[in-house]
């Protein structure tokens with residue numbers, strides 16, 4: 001997605017005629033973006049002063065960004081998704097905390113919401129230039145807590161990862177803006193805990209999530225077979241449609257959590273795994289509760305069970321027999337911490353996923369575009385966050401920035 005930046009001359013010209021325009025068309029003028037003639041960028045951000053329910057604590061804040069110098073660069077955001085971690089962070093229950101600051105021109109410290117996104121470099125100080133950055137480059141965030149639900153930001157070299165021309169080729173802003181968390185989480189969990197050979201099985205819950213869909217597709221690429229658990233629906237037609245949707249992207253087996261916890265699940269597992277001769281050696285868990293324990297019971301001895309979320313908000317209960325007699329290894333995984341420890345591996349993982357996307361072997365997670373223009377009202381944006389919070393979307397909500 002290309003960015004349209006304005007030169008100094010048009011900004012000055014537009015500033016000089018604005019009083020006349022305001023006299024003639026006051027309502028339209030009130031919505032027009034105010035652009036400084038001296039290199040300042042006018043920005044808007046969804047921010048919060050205190051932790052709490054997102055619709056209650058979020059507000060749209062406008063501020064100015066001074067021209068970059070030294071180690072700073074100015075970014076214009078292109079696409080920023082709404083992830084469950086973003087909601088948890090606003091609520092104050094996520095391990096990674098945002099930075100509360102008065103640097104955005106407020107008397108009380110505020111934080112900008114959002115952890116993932118892609119932005120375009122529109123101005124640079126000396127250090128980013130020396131590091132090889134240039135205007136027009138696309139960057140993704142180097143870690144959580146940066147604050148991506150905003151039109152513009154000031155950043156340092158260490159805050160971002162630059163997508164080189166080869167990585168960007170044939171990639172949309174939404175694809176680049178959603179690659180660093182869910183696909184990377186699935187990629188590393190499938191690769192880093194046990195070496196699965198072609199034809200071997202893994203099982204996962206939350207299979208229709210962004211991570212789940214990524215794991216299905218990556219597993220298919222690598223010759224792995226997947227057993228996928230989804231939440232039961234009252235609407236059986238919708239449930240069947242979802243099962244087909246996941247099979248269309250490569251899922252081998254799709255069942256509901258009710259089926260997983262039924263008495264006949266072990267017999268079904270034997271049917272799926274060649275009479276039980278193909279062991280299930282890896283489980284990916286983002287749900288917890290009884291359904292997660294039921295999933296663990298299908299694992300082979302010495303298998304690995306990786307937890308990366310807790311959507312049910314219930315604890316993970318591990319029977320002692322799984323530890324003592326089956327020697328199942330239980331792990332936790334947080335992609336943000338992994339990325340901090342392995343920055344080069346993160347870049348390689350992102351490049352690999354984008355290459356698959358470019359070739360058409362890795363498909364986008366369904367997303368719901370939320371248009372963010374300069375004149376978009378804060379209430380509109382916050383209502384979209386509320387919709388996501390309440391599950392009123394067919395796909396992941398993604399802020400897609402237009403003329404900002």
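The values are calculated or read from the model by the stated rules, or taken from the named source; none is laboratory data. Just so you know, these numbers come straight off a predicted model, no measurement behind them. With ideal geometry, Cβ positions are generated from the backbone for all residues, glycine too; neighbour counts draw on all protein chains shown.
Filtering the range 246-270 to residues that are out of contact with any strand residue (DSSP E or B) (no Cβ under 9 Å at 6 or more places or on another chain) and either assigned to a helix (DSSP H, G or I) or outside the structural domain of residue 210 (by TED's automatic domain parsing) (or both) leaves 248, 258, 266, 267, 270. Of the candidates 221, 204, the single residue that is surrounded by fewer than 17 Cβ atoms within 10 Å (Cβ to Cβ) and in contact with a helix residue (DSSP H, G or I) (Cβ under 9 Å, 6 or more places away or on another chain) is 221.
Looking at 305, 325, just one residue is at negative phi and surrounded by fewer than 20 Cβ atoms within 10 Å (Cβ to Cβ), and that residue is 325. Of the listed requirements (1) over 18 Å from residue 340 (Cα atoms); (2) crowded, with 22+ Cβ neighbours inside 10 Å, residue 116 misses just one: (1).
Assess whether residue 317 counts as being out of contact with any strand residue (DSSP E or B) (no Cβ under 6 Å at 6 or more places or on another chain) and free of Cβ contacts under 8 Å to residues at least 40 places away in the same chain. Break it down stepwise before answering.
Working: out of contact with any strand residue (DSSP E or B) (no Cβ under 6 Å at 6 or more places or on another chain): yes; free of Cβ contacts under 8 Å to residues at least 40 places away in the same chain: yes.
Criteria met by residue 317.
Strands (runs of 3 or more DSSP E) fully within the range 30-137 that include at least 2 residues being in contact with a strand residue (DSSP E or B) (Cβ under 9 Å, 6 or more places away or on another chain) and closer than 30 Å to residue 208 by Cβ: 41-48, 72-81, 118-124.
Within the range 279-298, does at least one residue satisfy the condition of being without any contact (Cβ under 8 Å) to a residue 40 or more places away in the chain and either loosely packed, with under 14 Cβ neighbours inside 10 Å or assigned to a strand (DSSP E or B) (or both)?
no
Among the criteria (1) surrounded by fewer than 23 Cβ atoms within 10 Å (Cβ to Cβ); (2) assigned by TED's automatic domain parsing to the domain that holds residue 311; (3) within 19 Å of the chain's Cα centre (by Cα), the one residue 172 does not fulfil is (2).
The set of residues in the range 232-275 being at positive phi and touching a helix residue (DSSP H, G or I) at 6+ places or on another chain (Cβ under 7 Å) consists of 250 alone.
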